[in-house]
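In what follows, a structure is listed as structure tokens, so that the remarks can point back to it.
Values quoted throughout were computed directly from the atomic coordinates according to the rules given, and no laboratory measurement underlies them. All values derive from a computational prediction rather than experimental measurement. Counting neighbours? That spans all protein chains shown, and the Cβs are built from the backbone with ideal geometry, glycine included.
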Amino acid sequence: MVRRVARDDYTVVSGAVPRHAGGCPPPKRRAKPGALLARIASNRGHHMSVLIGLAVAFGVSWVGYSAARRLVRERLRYVAAALSPGAAILAGLIAAIIAYPVAWLLPFIGPATALGFGVGTGLGARAGAADVKRGYRVSDGG
């Protein structure tokens, strides 16, 4: 038994494609000519802010990594506690905790950027400790 339900000028048969009153499929609705371009233009600002946020997050992580690596390699070379793996974890946690309130004040960045800064700082401290253990030294050019 086929059950027919009438809705406005459509007839819906259960389990079938909705049909127009004349038996043919309903007419397709066309979008306005400028609707797609307007939607793309409205999202363009959002995409740009996401790209700026990613660039800032990458830059902040890189700065944290390189600064921590240089500090451990050049200044903390003779401190045994700075060469332990726990020191790198502690440095990353402290850097993330300090960067977290700053991340809320600046545009385009958020808590994930502060977390990335902490991870970069911890990895940099660990890399600096590995440089010291391998005997890698940066010369002053002389």
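Taking R0 as 30 Å, what's the FRET efficiency between Ser66 and Tyr100 from their Cβ-Cβ distance, rounded to 0.05?
Once rounded, the FRET efficiency stands at 0.90.
Return the whole-Å distance between the Cα centroid of segment 69-103 and the Cα centroid of segment 119-138.
When both Cα centres are located, 10 Å separates them.
Classify segment 77-142 as rounded, prolate or oblate from the Cα gyration tensor: take a ≥ b ≥ c as the square roots of its eigenvalues, call it rounded if a/c is under 1.5, otherwise prolate when a/b beats b/c and oblate if not.
Prolate is the answer for segment 77-142, as a/c is 1.5 or above and a/b outweighs b/c.
How high is the FRET efficiency from Val50 to Lys133, r the C-beta distance, R0 25 Å, rounded to 0.05?
0.05
Under a Cβ-only charge scheme (Lys and Arg +1, Asp and Glu -1), can you give me the dipole magnitude of segment 61-133 about the Cα centre, in debye to the nearest 20?
Using Cβ point charges on Lys, Arg, Asp and Glu, segment 61-133 gives about 240 debye.
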